[in-house]
Amino acid sequence: MALTEGLRAHLDELVARHRVVLFMKGTRFSPSCGFSANVVNVLDALLADYHTVDVLADTAIRDGIKEYADWPTIPQLYVKGEFVGGADIVRSLHESGELARLLEVNPAERKAPSITLTEGAARALSEAAGEAQGLVLRLGVSGKFAYDLFFGDAEANDFVSESRGLKVHCDPASARRAEGVTIDYVVGSQGAGFRIDNPNEPAPVAQRAPQQIAAMRAAHEPMAFIDVRTPEEREIAHIEGSRLLDPVFEHELLAADRALPLVFVCHHGVRSLAAAEHFASLGFQKVYNLQGGIDAWSVTVDPSVPRY
C-alpha cells in the first residue's frame, strides 16, 4: 500500500505529538512478536511512559511506516520526531549507553522501588532463604503484570529494595512496575501462598456480549463507544453511536476522566481487545471489549448492520 499524503500527515502528527513513539506489533503490555517485546523491555528499563502504535491494528500504518522511515521491518523507534532504528539498533544503543542519552535518562538517578513485606511474608521468605544459600530473593514483574517471586542469582544492574530486614532484587524493567508493591503470605482453604498487590497493575478488561452492551446503551449509561477498525471497514458497516478511533478522538480520550467507561469494538473482537488493554494500562478504570465484534452485533442485536 502506497504512503498517501493523508497517511504521511497522520504519521507526522504521531511522531511529533509524542516524545517517544514505538511502532510495534501488539501493545506495550501485550507484544505480538519477540522483536517488539525486546524493544519494550529495553524502553521499560529506562522510561515510565512512552507511546506505542500497534501496526497490526491498521494495515495502512503497518505498510506505510516502512516507506515513511525507509526501513523494512517492525518495530521502529522514534525519539523527538527522529527515527532511531529497529530492534537490533535499539539493543546496540542500549548496551552502549547511547539510548539513555537520546532519551535524556540518567540511570544513576533511578531509585529502587518501595516494596513492603508483611510480617507473614517476611517470616516465610526468611525460612526459605535458609535453603537458598548464595542466592538472592528476586521479584519479576512482566509487561502483563505476571509475577515471579523466587531465589536466583544477583545481577549487576539489579535494583535492591529492603523490607523487614530482607532484600528484594528487581531487574530494571520490573523495578519500574514494582513501585508500591506489597507482598503478603496468606493461608486459606486451598492452601498457603504469596499474594502480591500492585497499585500499578491496570484494571482488567471486561468482555461483554453484544446484548450486554446494547442493554448499557438502552439504559443511557455514559460511555465512549470506540471503533478501532480502519476507515474503509467503517464505510462498509458501523454501529450507530460509535466513533472511529482517529488521532483527534484519541487525544480527546487521553484528556478524559479515567472513570469514563470505554467500550471497544472491531470486526471480530481481537483488535479491540488489544486497544482496550492499552487504554486500561493508561489508568482507565472501566474498560469493556465487545465480544465477537461488529459481526456478532449484527447477528445478535441489529441485523441491519451489514456483515463482511
Among strands (runs of 3 or more DSSP E) lying entirely in the stretch 33-96, which contain 1 or more residues that are farther than 24 Å from Asp227 by Cβ and at pLDDT 95 or above?
76-79, 82-85
Those residues that are under 14 Å from the mean Cα position of the chain (by Cα) and free of Cβ contacts under 8 Å to residues at least 12 places away in the same chain, I need them from the stretch 34-75; list them, please.
Asp49
If I filter the stretch 133-146 down to residues being in a strand (DSSP E or B) and touching a Ser or Thr at 6+ places or on another chain (Cβ under 9 Å), which single residue comes out as farthest from Pro204 (Cα to Cα)?
Arg138
So Asp49, is it over 21 Å from Ala100 (Cα atoms) and either among the β-branched types (Val, Ile, Thr) or surrounded by fewer than 19 Cβ atoms within 10 Å (Cβ to Cβ) (or both):
no
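Give the residue, chosen from Arg258, Arg271, that is touching a Gly at 6+ places or on another chain (Cβ under 9 Å), farther than 19 Å from Pro306 by Cβ, of a type in the set (D, E, K, R) and at pLDDT below 95. Lay out the reasoning, then the answer.
Working: Arg271 fails: farther than 19 Å from Pro306 by Cβ.
Among Arg258, Arg271, only Arg258 is touching a Gly at 6+ places or on another chain (Cβ under 9 Å), farther than 19 Å from Pro306 by Cβ, of a type in the set (D, E, K, R) and at pLDDT below 95.
Tell me the residue from Leu99, Leu135, Leu139 that is in contact with a Phe, Trp or Tyr (Cβ under 9 Å, 6 or more places away or on another chain), within 22 Å of Val40 (Cα to Cα) and without any contact (Cβ under 8 Å) to a residue 60 or more places away in the chain, please.
Of the residues listed, the single one that is in contact with a Phe, Trp or Tyr (Cβ under 9 Å, 6 or more places away or on another chain), within 22 Å of Val40 (Cα to Cα) and without any contact (Cβ under 8 Å) to a residue 60 or more places away in the chain is Leu139.
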Residues in the stretch 161-184: is at least one hydrophobic (A, V, I, L, M, F, W, C), surrounded by fewer than 17 Cβ atoms within 10 Å (Cβ to Cβ), in contact with a strand residue (DSSP E or B) (Cβ under 6 Å, 6 or more places away or on another chain) and closer than 30 Å to Val39 by Cβ?
no
Exception for Gly188 within (1) within 19 Å of His267 (Cβ to Cβ); (2) outside the structural domain of Ala259 (by TED's automatic domain parsing) falls at (1)
Of the listed residues (Ala156, Ala218), the one being aliphatic (A, V, I, L, M), exposed (fewer than 12 other Cβ atoms within 10 Å of the Cβ) and at pLDDT below 95 is Ala156
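The values are calculated or read from the model by the stated rules, or taken from the named source; none is laboratory data. The shown structure was predicted, so the numbers you read here are calculated from the model rather than taken from an experiment. FYI the Cβ positions are ideal-geometry reconstructions off the backbone, even for glycines, and counts take in every protein chain you see.
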